[in-house]
1. Could you check how many residues of segment 208-218 are in contact with a Ser or Thr (Cβ under 9 Å, 6 or more places away or on another chain) and in a helix (DSSP H, G or I)?
2. Looking only at segment 95-124, count how many residues are without any contact (Cβ under 8 Å) to a residue 60 or more places away in the chain and part of a helix (DSSP H, G or I).
3. Scan segment 180-195 for residues that are of a type outside the set (Phe, Trp, Tyr), closer than 20 Å to Cys229 by Cα and surrounded by 19 or more Cβ atoms within 10 Å (Cβ to Cβ) and jot them down.
4. Can Ser198 be described as touching a residue at least 12 places away in the same chain (Cβ under 8 Å), part of a helix (DSSP H, G or I), surrounded by fewer than 19 Cβ atoms within 10 Å (Cβ to Cβ) and within 20 Å of the chain's Cα centre (by Cα)?
5. Name the residue that is farthest from Leu239 (Cα to Cα), counting only residues in segment 129-153 that are at pLDDT below 85 and in a helix (DSSP H, G or I).
6. Taking only segment 28-60 into account, find how many residues are in a helix (DSSP H, G or I), within 18 Å of Tyr170 (Cα to Cα) and in contact with a helix residue (DSSP H, G or I) (Cβ under 9 Å, 6 or more places away or on another chain).
7. Kindly evaluate Leu239 against the criterion of being farther than 30 Å from Gly35 by Cβ, within 14 Å of the chain's Cα centre (by Cα) and either crowded, with 20+ Cβ neighbours inside 10 Å or among the aromatic types (Phe, Trp, Tyr) (or both).
8. Considering only segment 178-194, I want to know if a residue exists there that is within 21 Å of Ser15 (Cα to Cα) and among the acidic types (Asp, Glu).
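The values are calculated or read from the model by the stated rules, or taken from the named source; none is laboratory data. Remember, predicted model here, so these are calculated numbers, not experimental data. With ideal geometry, Cβ positions are generated from the backbone for all residues, glycine too; neighbour counts draw on all protein chains shown.
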Amino acid sequence: MEYFKWLVIFLFGSSILLFIPMLFIAVTTESLEEGLVKIRNNPWALAAFSDFTVGFIFNLTLICVREGSDLYQVPGRRPSYWSAFFWVMFALLVGNPAVLSYGIYQLIKAPNIKDAFLVTIGFDKTPSHTTTTKWLYWLFQLGMGGLLIYYVVSCLIALSSQSITSGWEYIQSDPWAYLTFFDNLLGILFTSVYMAVSQHPKWIHVIGWWLSLWLLGNGVTAIFAFQLCWRKYSIGESLVYRE
């Protein structure tokens, strides 16, 4: 497991290093405002942006819960809303490189991959559910449902408006559209590792989720979120806490 932990750190770090020159090219070529206008004007670039949005929000939710939830009051665990706030603000500024940086930070601190992403609880632990945790649980699912619809609609519009080949050529030709596409891949990489950790040792499930995610995009992430929430009572139980 130690080997896999450092392999993931290497993958996350290498991906961040690849992102930096792309960001430099985009920033020095045109303004962010111009880039957003060009993304909005092309259906496939817009579909890539919607794909990015779904995965980005899922990963930010995971980080917030991992940092801020004290549902089971695990001994030695010190949840911090300020830490969650810092990582969310960092991610909003630079995108998924911040999400991968969070992954590296947790992996270096933790003794293994599982402890970097999840919080282990004892069999005798009872969650301290409140009205707020229940509302957040349903709000999360409602949000994922809305994002799934948004993603599907944007993909259908792209498919009916332009060929995939033409859309891909446009994305490659525009620095901000291409940066968004690559940024989304970084988020998918983070989500893929989380999927493997949360579904372990059900490797058939892991492979199925991986193939679906990399082939179909973050619409699969939204569906995965629903699967995590099935028969649970809070976001913490769904995303972070495991026995």
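1. 4
2. 6
3. Of the residues in segment 180-195, the ones of a type outside the set (Phe, Trp, Tyr) are 180, 183-189, 191-193, 195.
When the remaining residues are screened for being closer than 20 Å to Cys229 by Cα, the result is 188, 191-193, 195.
Listed by number, the residues that qualify are Ile188, Thr191, Val193, Met195.
4. Numbers: touching a residue at least 12 places away in the same chain (Cβ under 8 Å): yes; part of a helix (DSSP H, G or I): yes; surrounded by fewer than 19 Cβ atoms within 10 Å (Cβ to Cβ): no; within 20 Å of the chain's Cα centre (by Cα): yes.
Answer is no for this residue.
5. First pass over segment 129-153, keeping only residues at pLDDT below 85: 129-134.
Of the ones still in play, those that are also in a helix (DSSP H, G or I) are 131-134.
Values: Thr131: 18, Thr132: 17, Thr133: 13, Lys134: 14 Å.
Top of the filtered list is Thr131.
6. Within segment 28-60, the subset in a helix (DSSP H, G or I) is 28-29, 32-41, 43-60.
Now restrict to residues that are within 18 Å of Tyr170 (Cα to Cα): 29, 32-41, 43-52.
Retained after the next criterion (residues that are in contact with a helix residue (DSSP H, G or I) (Cβ under 9 Å, 6 or more places away or on another chain)): 29, 32, 34-36, 38-40, 43-52.
Qualifying residue count, segment 28-60: 18.
7. On the way: farther than 30 Å from Gly35 by Cβ: yes; within 14 Å of the chain's Cα centre (by Cα): yes; either crowded, with 20+ Cβ neighbours inside 10 Å or among the aromatic types (Phe, Trp, Tyr) (or both): yes.
Answer is yes for this residue.
8. Of segment 178-194, the ones within 21 Å of Ser15 (Cα to Cα) are 178-194.
From the residues that got through so far, the ones that are among the acidic types (Asp, Glu) too are 183.
Within segment 178-194 (the criterion being within 21 Å of Ser15 (Cα to Cα) and among the acidic types (Asp, Glu)), the answer is yes, since at least one residue qualifies.
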